[in-house]
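The values are calculated or read from the model by the stated rules, or taken from the named source; none is laboratory data. Computed from a prediction, not measured in an experiment: that's the story for all the values here. Here the Cβ is made from the backbone with ideal geometry for all residues, glycine too, and neighbour counts use every protein chain on show. Quick note on the areas: whole protein, heavy atoms, side chains included, nothing else; ligands and nucleic acids left out. Shrake-Rupley method; radii C 1.70, N 1.55, O 1.52, S 1.80 Å.
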Amino acid sequence: MPIEQTPSSDPESALEVNDVEETGEKENHCDDKTCVPSTSEEESSENVPTAEDFTEQPKKNRITYSQIIKEGRRFNIDLVSKLLYSRGLLIDLLIKSNVSRYAEFKNITRILAFREGRVEQVPCSRADVFNSKQLTMVEKRMLMKFLTFCMEYEEHPDEYKAYEEITFSEYLKTQKLTPNLQYFVLHSIAMISERASSTIDGLKATKNFLCCLGRYGNTPFLFPLYGQGELPQCFCRMCAVFGGIYCLRHSVQCLVVDKESGKCKAIIDQFGQRIMSKHFLVEDSYFSENTCSHVQYRQISRAVLITDRSVLQTDSDQQISILTVPAEEPGTSAVRVIELCSSTMTCMKGTYLVHLTCTSSETAREDLEPVVQKLFTPYAETEIENEEVEKPRLLWALYFNMRDSSHVSRNSYNDLPSNVYVCSGPDCGLGNDNAVKQAETVFQQICPNEDFCAPPPNPEDIILDGDSLQPGASESSAMSEANSETLEESANLQNSETSE
């Protein structure tokens, strides 16, 4: 399993990844967030208790529901639960557009598995595999051999051609892997459906996982500080540099369509104000029922939890984890669990913010509550028994369903004006590739001859009328500034990898 370390001089990899808890004040006002965090330097400098100290402290000092309500502004809850693959399209876009300067990221520190009623850590890197006590020496060799094949599977079609018609789960059984290894590869590395994913899907997912290892840490994933809602804010800042205008607190009441041309020429907001434009990019919830009468939607089941400790405690209480709980019954989906600690700036110290996601088969509570009961202890139950429990206490929970329109084509909508472009909501996938592809497709339709998300110019490159600077001096200054920024960002990245 190759572990690639990014050279510190590579400007394309200049993405700042933090492994220390941030301090300072910050407020977020993104619509994708339901809460606004605010931290102070004095409070951020307090020592965070270790897992052992936290379990030994008296019950009266534990985090309670009333404390959560009082410190509500410390929580930053994303309605969409996703991670960034370190070699995914979104990371490449952040680097290309230079939007990465507006955000900071943390590595996902561990990948977990749920087997036989308990949570355990999955080895990811080559070093993790050979240091793992969960695998025998024979299993380690078998795993390394299979993962090496997955990295080069396209060069050896004869070895998988005969298995293209079966599921990846069945394919793993033909590779003489032990049940232990089959479970790890299917649910913690490929992270795909056990019953619905083909052999090719599994090999592609496994290769993608392996290719993302080692770029910024021992796992393939990054998470933005303060949550996923930071990313649209970052792109909004870049849009503003190019002259973008934002009408805040305005809701769309209707679209104005010209009868002769059949094109949309304006919108009317809740104040009756008409806003003119040549192109309109909207989410389909703005359309009337008649327009969407033939659209078939899927649903996503979501749950957001606040707990008092991690599902797998270690010496460090600043772990960011991803866990997949396999489906137990036919017709249901595996549940993805992402656990965030306080250093992600999404929850208060002493708590964890947990996101659960799956494709809906019933309501969100019916889909996800069985998994919640396996991993956590209800808050009221702990209060009554007045004793230590093995599982984390559930302090707060929210269940909701989200509409998934990522699979809906434009032709499904009735009488859609040609200059109205539909943007789907979030999908159920872990990464963001679908959103990036959709954004680039729409951009090319509107601006066919423009570069998608071009980086903004450096101030030194902008020549105003009457500027006394010579072009040569301006170019020299711009190159010097660009080199210094590259060296600084590369140093940050190198320090992050060293701390891993």
> Per residue, what accessible area does segment 125-212 have, given a 1.4 Å probe and all protein chains present, in Å²?
Replying inline: 52
>> Spelling out what I want: for every residue of segment 206-216, take phi, set θ = phi - 60°, compute 6.51 cos²θ - 1.76 cosθ + 1.60 (Karplus), and round to whole Hz; glycine and proline get x.
In response: 5, 5, 4, 4, 5, 5, 7, 5, x, 6, 10
> Taking the Cα centre of segment 125-212 as the origin, how large is its charge dipole in debye, to the nearest 20, when only Lys and Arg (+1) and Asp and Glu (-1) carry charge on their Cβ atoms?
Replying inline: 460
>> Show me the ranking of peptides 343-349, 170-176 by mean Cβ neighbours inside 10 Å, starting with the highest.
In response: 343-349, 170-176
> Which shape class, rounded, prolate or oblate, goes with segment 125-212 when its Cα gyration tensor gives a ≥ b ≥ c as root eigenvalues, a/c under 1.5 marks rounded, and past that a/b bigger than b/c marks prolate?
Replying inline: prolate
> What is the sum of charges around V295, taking Lys and Arg as +1, Asp and Glu as -1, for the other residues whose C-beta is under 14 Å from the C-beta of V295?
Replying inline: -2
> Which residues' amide hydrogens lie under 5 Å from the amide hydrogen of R110, considering only partners 5 or more residues apart or on another chain, with H built in the peptide plane?
Replying inline: I320, I322
>> Residue by residue through segment 301-308, what is 3J(HN,Hα) from phi via Karplus (6.51 cos²θ - 1.76 cosθ + 1.60, θ = phi - 60°)? Round to whole Hz and write x for glycine and proline.
In response: 8, 10, 9, 10, 10, 10, 10, 8
>> With θ taken as phi - 60° and the coefficients 6.51, -1.76 and 1.60, list the Karplus ³J(HN,Hα) couplings across segment 198-204 in order, rounded to whole Hz; mark glycine and proline as x.
In response: 7, 4, 5, 4, x, 5, 5
>> Can you list residues from other chains, or at least 5 along the same chain, whose modelled amide H is less than 5 Å from the amide H of Q253?
In response: I268, D269, Q270
> Looking at segment 209-259, which trypsin sites (Lys or Arg not before Pro) are DSSP coil and have at most 12 other C-beta atoms within 10 Å of their C-beta?
Replying inline: R249, K259
> Given H placed on each backbone N at 1.01 Å, which residues far from R309 in sequence or on other chains put an amide H within less than 5 Å of it?
Replying inline: Y352, R393
